[in-house]
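As structure tokens, the structure follows; a few thoughts come after it.
The values are calculated or read from the model by the stated rules, or taken from the named source; none is laboratory data. None of these values were measured; they are calculated from a predicted model. Glycine gets a Cβ as well: all are built from the backbone with ideal geometry, and neighbour counts include every protein chain shown.
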Amino acid sequence: MKRSKAFANGQIEATSGDGIGLLQIVNPMRKNAVTAAMWRAIPEALHWLHADAAARVIVLSGAGSRDFSAGADISEFTELRKDAATARVYEASNSRAFAAIREAPIPVIAAVRGICYGGGFGLAAAADLRIASEEALFAVPAARLGLAYPADAVQDFVRGLGSQMARRALFTGGSLTAQELFACGFLSEVTSPDALERQSLALAEAISQNAPLSLRASKLALRAVELADEDMLREAEILGAQTFDSADYREGRAAFAERRRPVFKGE
């Protein structure tokens, strides 16, 4: 059964069905720029999708057929990001949104078309997997605006883009093409604009059919390795060990023996 819930007065939309969660940024008249209210709503929407709506994987996208997101809504900066004190408050909400994607217990796929700038680029960088249409453009224009990008989010750029490309993006503020980001490994796939939704949903479906406990253990182990976090690695090892006593492991073995598709329940 499909379930939907709107956040931030409908500018963040969450939908879940058949194990696939869709999280959409809805501000197409401003190239899906993210307002302060939308930044605050993203963690809540993500939590609802995986904790309440039973999503096993989430696809993050921008509304409409043109853009992923132009980043933070600059029209709010005069009041909400006018100096260091207000910027700290504003950027805390940015960081919580990035962390909610990065630390979600289930995989998050960013499906990117058109403009993916600033905070929008940051949201995509926090995701586990990224697919883009061939005309997509990426940029971090912070230096051109005279401000600094949140330091914790820079880590996502370094992990996703690699050291040199992250420096190029941050130092120049210039645009990077989907082809360039595929070449450096930031994108797992580049498609035609018409195929983007189909390809991202196909990837999400392939993930959603796998055992939820295995996915959670794998995501935690990947993060532990990336962060060189020994405590997190031990936690991932515990989660991994628990899968061997799970009903899903029994189902997986039975399905293999019976040459059928397994039906996993996350138990």
State whether one or more residues within region 218-235 are touching a Ser or Thr at 6+ places or on another chain (Cβ under 9 Å), of a type in the set (A, V, I, L, M, F, W, C) and under 28 Å from Asp152 (Cβ atoms). no
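Residues are listed down the side, and each one gets a yes or a no for (1) farther than 20 Å from Glu44 by Cβ; (2) aliphatic (A, V, I, L, M):
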| position | (1), (2) |
| --- | --- |
| Ala104 | no, yes |
| Gly118 | yes, no |
| Ala124 | no, yes |
| Leu129 | yes, yes |
| Val140 | yes, yes |
| Ala148 | yes, yes |
| Ala151 | yes, yes |
| Asp156 | yes, no |
| Gly160 | yes, no |
Keeping to region 227-244, report how many residues are assigned to a helix (DSSP H, G or I), surrounded by 10 or more Cβ atoms within 10 Å (Cβ to Cβ) and modelled with pLDDT of 90 or more. 12
One residue from Ala99, Ala127 being under 18 Å from Leu222 (Cα atoms), crowded, with 22+ Cβ neighbours inside 10 Å and touching a residue at least 12 places away in the same chain (Cβ under 8 Å): Ala127
Contacts under 8 angstrom Cβ, first residue in region 130-145 being of a type in the set (Lys, Arg), partner part of a loop (DSSP other than H, G, I, E, B), 6 or more apart: Arg130/Phe186; Arg130/Leu187; Arg130/Ser188; Arg144/Gly173
Which one of Ala63, Ala72, Ala8 is crowded, with 24+ Cβ neighbours inside 10 Å and touching a helix residue (DSSP H, G or I) at 6+ places or on another chain (Cβ under 8 Å)? Ala72
When (1) outside any loop (DSSP other than H, G, I, E, B); (2) of a type in the set (Asp, Glu); (3) within 24 Å of Arg130 (Cα to Cα) are applied to Asp67, the one that fails is (1)
Answer yes if at least one residue in region 44-59 is surrounded by fewer than 22 Cβ atoms within 10 Å (Cβ to Cβ), farther than 30 Å from Phe264 by Cα and either in contact (Cβ under 8 Å) with a residue 60 or more places away in the chain or in the same structural domain as Ala124 (by TED's automatic domain parsing) (or both), and no otherwise. no
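For region 94-132, which positions are in a strand (DSSP E or B) and farther than 19 Å from Asn27 by Cβ?
Taking region 94-132 first, the residues in a strand (DSSP E or B) are 108-112, 115-117, 129-132.
Residues satisfying the conditions are Val108, Ile109, Leu129, Arg130, Ile131, Ala132.
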